Amino acid sequence: MIRTENLTKQFGSTIAVKDVSFEVEENKVTGFLGPNGSGKSTTMRLMLGLDKGRGVTYFDDKLLSDYPNPTDVVGILLDMKAFHPTRTARSHLRVLAAASGLSSNAVDEALDLVGIREVANKQPRTFSLGMSQRLGLAAAILAKPKYLLLDEPANGLDPEGMAWLRNFVKNYATEDRAVLVSSHLLDEISKMAENIVVIGRGKLIAATTMKSLIDDQISQTFIRVKQPKKLEAALNKSGVSFIEEGDGYIIHELPSRQIGELAHKHSLTIYELTPRTMSLENVFLNMTSGAQQFRAGSKEESQ
């Protein structure tokens, strides 16, 4: 696995990342979430030794600098515009392949995998945002590394491209490999990641599984019955709090099964009994509500 320990980075008097520690497990996709300015990109750069700071990152219990060929260990996509403006896409990848001791076959295979073989002889400066992302991903997977670190790889992709990326990332994180991927597209992360790391204002907020992150939040159940006042009396007698919503009630304290059993015990006809599990977006907004660097405010506040 990848293991970070106490990563810390300071710019002057501003602390960008402070004591961030987490793990990226093999055979899994780990989603890396945080508001704008939370320190995600800086954390990734610290992991790779591209920024100077404190703390350490181990790749299978070794420093990345201890490997003779780091590109065999980790592939990165941090800057989608990291290419020479006058080279073709194929030439750009060939230079990277040569630096890693790879053959031209690796270039062709990477171009095929990301779906840009048809534009391989064009200059990347003419590419759309989505095409640039695909080229960056091709560079990351040239050496078929064990780990991928991808910073906002879905930027600029159309719906078909995002579906492709989701499947690609999930398939890559198999056979003892793993992927750490940051994104603002929470719905996409919820579909591809098993583990989640959340940071805010440079500090770790959570490092857990997707299931635990969702399950640990307060869930809701909506119930609608034929005799609502009778249900109210039953809930009050049982000491269960509730909130009226339309012609039904929202209950937080009991799972749906127990609510149904309570209604049955009091001979109530149930019209609707619907569990409401919080989405990743809801959970994320709740967890980072105090860690937003930029907030929309009133006209008076902005003056």
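The values are calculated or read from the model by the stated rules, or taken from the named source; none is laboratory data. Remember, predicted model here, so these are calculated numbers, not experimental data. Positions of Cβ are generated from backbone atoms using ideal geometry, with glycine treated the same way; all protein chains shown enter the neighbour counts.
Data for the structure
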| read-out | value |
| --- | --- |
| Where Ser183 falls short, out of the listed (1) hydroxyl-bearing (Ser, Thr, Tyr); (2) surrounded by 16 or more Cβ atoms within 10 Å (Cβ to Cβ); (3) at pLDDT 90 or above | (3) |
| Residue among Thr86, Thr71 that alone is hydroxyl-bearing (Ser, Thr, Tyr), more than 21 Å from the chain's Cα centre (by Cα) and farther than 28 Å from Thr4 by Cβ | Thr86 |
| Among the candidates Ser132, Ser183, residue that is among the small types (Gly, Ala, Ser) and free of Cβ contacts under 8 Å to residues at least 60 places away in the same chain | Ser132 |
| Residue in the stretch 186-198 that is without any contact (Cβ under 8 Å) to a residue 24 or more places away in the chain, farther than 29 Å from Asp60 by Cβ and acidic (Asp, Glu) present | no |
| Qualifying residue in the stretch 46-69 (condition: surrounded by 15 or more Cβ atoms within 10 Å (Cβ to Cβ), touching a Pro at 6+ places or on another chain (Cβ under 6 Å), at pLDDT 95 or above and under 22 Å from Gly31 (Cα atoms)) | yes |
| Complete set of residues in the stretch 96-128 that are loosely packed, with under 14 Cβ neighbours inside 10 Å and part of a helix (DSSP H, G or I) | Ala98, Ala99, Ser104, Asn105, Asp112, Glu118, Arg125, Thr126 |
| Test result for Val198, modelled with pLDDT under 95, buried (at least 16 other Cβ atoms within 10 Å of the Cβ) and either within 20 Å of the chain's Cα centre (by Cα) or within 20 Å of Asn36 (Cα to Cα) (or both) | yes |
| Filtered residues of the stretch 129-150 (kept if outside any helix (DSSP H, G or I), surrounded by fewer than 17 Cβ atoms within 10 Å (Cβ to Cβ) and on the phi < 0 side of the Ramachandran plot) | none |
| Filter pass, Asn27 being over 20 Å from Ser100 (Cβ atoms), at pLDDT 95 or above and either part of a loop (DSSP other than H, G, I, E, B) or among the hydrophobic types (A, V, I, L, M, F, W, C) (or both) | yes |
| Of all residues in the stretch 1-24 being at pLDDT 95 or above and β-branched (Val, Ile, Thr), the one that is surrounded by the fewest Cβ atoms within 10 Å (Cβ to Cβ) | Thr8 |
| Pair list, Cβ under 6 Å, 6 or more apart: the stretch 151-167 residue assigned to a helix (DSSP H, G or I), other residue surrounded by fewer than 20 Cβ atoms within 10 Å (Cβ to Cβ) | Gly161/Gly130; Arg166/Lys191 |
| Unmet criterion (only one of (1) farther than 16 Å from His184 by Cα; (2) surrounded by 14 or more Cβ atoms within 10 Å (Cβ to Cβ)) for Lys81 | (2) |
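Quick grid of which residues meet (1) of a type outside the set (D, E, K, R); (2) out of contact with any Lys or Arg (no Cβ under 6 Å at 6 or more places or on another chain); (3) farther than 30 Å from Glu253 by Cα:
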residue: Arg117; (1), (2), (3): no, yes, yes
residue: Ala139; (1), (2), (3): yes, yes, yes
residue: Ala163; (1), (2), (3): yes, yes, yes
residue: Leu213; (1), (2), (3): yes, yes, no
